[in-house]
Amino acid sequence: MPASPIQPVIVTMPGMRQAWVRELRGCFSDQPGFHAPLVYQDNGALGAAVATHQAIVRATREAPGAFVLLLEDDVQAHPAAPEVIRQVIVPDHVGVLSFCDMREVEEYAPDGLYERSAMGSDGRGWWGNQALLIHPQTAAALAAADWFAPAIEQSAGVMVHRVTYNDGGRNCADIRLALIVHSQTRRNRYAVHVPSLFLHLGHDSLCFPGRTLGERATRNWIDQRRRFGIR
C-alpha cells in the first residue's frame, strides 16, 4: 500500500472528452488515500510525449514523494478502482504498474500482478499510458529525464513509430516512458494488474486520426470478467 496519498493527474486536450475527464475527477475526488486530481490540459501542438512529461512534472511538484496515477482522458474507471489501487503492493523492482492492459497479459489470465520488462512484448516499449501507477522514485526520474535524448530518438521503437505514423515521433509517449524506465531507473520493471480497472474508450484516436480501437481494446476488463465468473 502506498505510504503517502497518491496524486492522480489526467492528461487531456480541449474538446469532446471533457465529460470523461469530469467522471475521472469525480471517481478520485474526496477519496481517502488520494490527493485531489490534477488536470493537465494541452492543445496537442507539441504532441503526447511532451504533454505526458509535463503532466508528470506537475504531479511531482504538487505532491513530492507521492505515487503518481497517470490517467489519459479516454478511460472509464471502475467504481472499485480507488480502493484496489490504494491497497496494491508494488513489487520491489517495478517502477510502473498498469491498470489498463491491451497487450502484455493474455485475455482470461487469473487475477494477480504480472511483472514484465518495461520494453514490452515486442522489445520496443510497452503499449499505452491509459492508467499507470508510477512509483515516487520513478516519477521523479521521469520528471527530470530528457524524453528526446539522442539514445531515445535513435531507439528502434521510436524510429519505427516515426516511420509508421509520420508524426516525427512526438506522440509515442508510451515508448519514451518505457525506455526511460528500462534504462535510467533502479525500478526498471513494468507490471500489469489483472483485472483491468480502467476501460479504454478511445474508439477514435486523437493522436492518430483514422486509427480505431481494435488492437487498443482493454484486456481483462473487470466487468467483463465478472460476468463470466473469472477470477
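Out of the strands (runs of 3 or more DSSP E) lying entirely within the range 1-100, which hold 3 or more residues that are more than 25 Å from Arg116 (Cβ to Cβ)? By residue number, 38-41. Apart from one condition, Val105 fits all of (1) in contact with a Phe, Trp or Tyr (Cβ under 6 Å, 6 or more places away or on another chain); (2) of a type in the set (A, V, I, L, M); (3) within 24 Å of Ala144 (Cβ to Cβ); the exception is (3). Within the range 151-174, none of the residues are under 13 Å from His53 (Cα atoms), over 15 Å from the mean Cα position of the chain (by Cα), among the hydrophobic types (A, V, I, L, M, F, W, C) and in a loop (DSSP other than H, G, I, E, B).
Taken over the range 75-106, the criterion of being among the small types (Gly, Ala, Ser) and either open to solvent by 40 Å² or more (accessible area, probe 1.4 Å) or over 13 Å from Tyr190 (Cβ atoms) (or both) is satisfied by Ala77, Ala80, Ala81. The residues on offer are Pro91, Pro79, Pro32, and the sole one that is under 23 Å from Val181 (Cα atoms) and over 16 Å from the mean Cα position of the chain (by Cα) is Pro91. Can Ala109 be described as part of a helix (DSSP H, G or I), open to solvent by less than 40 Å² (accessible area, probe 1.4 Å) and either within 29 Å of Ser183 (Cα to Cα) or not aromatic (Phe, Trp, Tyr) (or both)? It is false that Ala109 is part of a helix (DSSP H, G or I), open to solvent by less than 40 Å² (accessible area, probe 1.4 Å) and either within 29 Å of Ser183 (Cα to Cα) or not aromatic (Phe, Trp, Tyr) (or both).
Listed here are the residues, each with its yes/no results for (1) modelled with pLDDT under 60; (2) open to solvent by 30 Å² or more (accessible area, probe 1.4 Å); (3) out of contact with any Phe, Trp or Tyr (no Cβ under 9 Å at 6 or more places or on another chain); (4) not in a strand (DSSP E or B).
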residue: Ser183; (1), (2), (3), (4): no, yes, yes, yes
residue: Tyr190; (1), (2), (3), (4): no, no, no, no
residue: His193; (1), (2), (3), (4): no, no, no, no
residue: Leu199; (1), (2), (3), (4): no, yes, no, no
residue: Gly202; (1), (2), (3), (4): no, no, yes, yes
residue: Phe208; (1), (2), (3), (4): yes, yes, no, yes
residue: Glu215; (1), (2), (3), (4): no, yes, no, yes
residue: Asp223; (1), (2), (3), (4): no, yes, yes, yes
residue: Arg226; (1), (2), (3), (4): no, yes, yes, yes
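Within the range 29-41, identify whether any single residue is open to solvent by less than 10 Å² (accessible area, probe 1.4 Å) and among the hydrophobic types (A, V, I, L, M, F, W, C), and answer yes or no. Taking every residue of the range 29-41 in turn, none turns out to be open to solvent by less than 10 Å² (accessible area, probe 1.4 Å) and among the hydrophobic types (A, V, I, L, M, F, W, C).
The values are calculated or read from the model by the stated rules, or taken from the named source; none is laboratory data. Every value quoted in this text rests on a predicted model; they were computed, and no experiment measured them. No Cβ is skipped: glycine too gets one built from the backbone with ideal geometry, and neighbour counts run over all protein chains shown. These area figures cover heavy atoms from the full protein model, side chains too; ligands, DNA and RNA do not enter into them. Shrake-Rupley method; radii C 1.70, N 1.55, O 1.52, S 1.80 Å.
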